[in-house]
Amino acid sequence: MKRKRFRKFLLCGLILLGSFALFLFLSYWYMVRCQGSWHGEPLEKGMNLAEIRKNLEADVRFIQEMGPRNSVNRKTYEQLLRCEEWIVQRWESQGYRVKKQTFSFEGRDYSNLEIEIRGRSAPSEIIIVSAQYDTLPDSPGANNNGSGMAILFELTRLFRNHTLDRTVRFLNFVNEEDPFFGTEMMGSYQYAKRCRERHEDIQVMLSLDALGIYTDRPNSQHYPFPYSLVYPRRGNFLAFIGDFSSRKAMITATRGFKKGSSFPIEAGVVPKSLEPAGWSDHSSFWKFGYPGIMVTDTGGFRSIFHTTKEDTMEKLNFEAMARIVAGLRGSILELTQSNWRKE
């Protein structure tokens, strides 16, 4: 009798252990193995990466020299407005018409800046690619987020004369940093709210947030648990991070990136509530039921200078950033022209 009980107990234990192992495997497959596959010669081979790098360096240098941009005091608010004006001029010089979404808080105005390439065959289906242009109080913001802004400008330059199937909107959001992060005064919150009120079909939103720090040095990447269990410990990759609703878009965006560039990438989808996955403007779109993906070098998990006054351009890897431009160009082409939602 005791032997039968033991066997039954052992069998139940093995079933539970097997079920747990299957759960872990399926979770790993769903959350981590979400990169699109593609094998071939990347488009970066035929692109002028030297010109892209030169443009990136010039933009980040100008952004850094503007200094901190936020609402902390009169000077930094004036620098925020100066940056806003420069973004408008930058896009107008590329031939775009810039739209503003302006809102007020405590007597000051803040503006999101938008340009659009209207889709040819599915104009109501919208892809958003964004950066933010404010900084924390004492930071010149070369990487956070001058790198994202500079890459966004290169993407808009490269797409200047393109016709795409879906509509793509490029945005520079205001008020991503503290004290506004996580509040309704985030520029991305105001914009996502308006999208929902207008019943706009946002297919996915990509937030470009700190994309400039890369190194092959061992143990240069520090992810919190449980991310540390599955992702590399060398900070030489670009990360794509989304929620569960973004998985199809994640596969498509990363497949397109690989078509554009062979630069190493990692990807993952997680629950919305799991920090730090929501630490950028894409989290505002999650709140309104839209898929959103953060594209990043992982910020403070790689660079001790992230958000500080030492966030300066000599720490950025512009060669890597040029290749990332090529990759993200591929991501946008794939998202706007493939039938990924039906796959």
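Computed from the coordinates by the stated procedures, all read-outs in this text should not be read as laboratory data. Predicted model only: the values in this text are computed from it and were never measured. With ideal geometry, Cβ positions are generated from the backbone for all residues, glycine too; neighbour counts draw on all protein chains shown.
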*asked:* Taking loop as defined by DSSP and a crowding limit of 11 other beta carbons within 10 Å, which trypsin sites (Lys or Arg not before Pro) in the range 168-227 fit?
replied: Arg198
_What do you get for the angle between helix 74-93 and the principal long axis of the chain? Use alpha-carbon atoms, 0 to 90 degrees, nearest ten._
90 degrees
*Taking 0.36 nm per intervening residue step and subtracting the Cα-Cα distance, what contour gain separates Arg5 from Gln89 on full extension?*
22.4 nm
_Cross-link candidates for Lys272: which lysines have Cα within less than 17 Å, leaving aside residues fewer than 8 places away along the same chain?_
Lys248, Lys287
*Would you mind computing Rg(Cα) / (2.2 N^0.38 Å) for the chain, counting N as its residues?*
1.05
*asked:* What distance in nm separates the two pseudo spin-label positions at Gln337 and Arg61, each 7 Å out from Cα along the beta-carbon direction?
replied: 3.4 nm
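Please tell me the relative contact order of the chain in percent, rounded to the nearest whole number, where contacts are Cα pairs under 8 Å and at least six residues apart. List each step's numbers first, then the result.
Values: 680 pairs, mean separation 80.7, N = 343.
For the chain, the relative contact order is 24 percent.
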*Most fluctuating residue of Trp91, Trp279, Trp38 in a GNM of the chain with Cα springs under 10 Å: which is it?*
Trp38
*What pairs from Lys75/Lys100; Lys99/Lys259; Lys100/Lys193; Lys258/Lys342; Lys75/Lys193 go past 25 Å between their alpha carbons?*
Lys99/Lys259; Lys75/Lys193
*asked:* Need one number: nm distance between label points at Glu106 and Lys193, each 7 Å from Cα along Cα→Cβ, rounded to one decimal.
replied: 1.7 nm
*Roughly speaking, what is the stretch gain from Lys99 to Ala50, that is 0.36 nm per residue apart minus the C-alpha to C-alpha distance, in nm to one decimal?*
14.5 nm
_Just want the answer: with Cβ charges of +1 for Lys and Arg and -1 for Asp and Glu, which residue in Gly146, Asn172, Ile332 is farthest toward the dipole's positive end in the chain?_
Ile332
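Relative to the present Cα-Cα distance, how much length would full extension add between Asp201 and Tyr77 at 0.36 nm per residue of separation? Walk me through the numbers before you get to the answer.
On the way: separation 124, 0.36 × 124 = 44.64 nm, distance 3.35 nm.
Between Asp201 and Tyr77, full extension yields an extra 41.3 nm.
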_Distance in nm between pseudo-label sites at Ser228 and His39 (7 Å out along the Cβ direction from Cα)_ = 3.5 nm
*asked:* Can you work out the Karplus-derived ³J(HN,Hα) for every residue in the range 292-301? Use 6.51 cos²θ - 1.76 cosθ + 1.60 with θ = phi - 60°, whole Hz, and x for glycine or proline.
replied: x, 10, 8, 10, 7, 8, 5, x, x, 7
*What order do you get for 248-257, 115-124 when each peptide is scored by the mean count of other beta carbon atoms within 10 Å, highest first?*
248-257, 115-124
*Using a 10 angstrom cutoff on alpha carbons, build the Gaussian network for the chain and name the most mobile of Asn317, Asn143, Asn161.*
Asn161
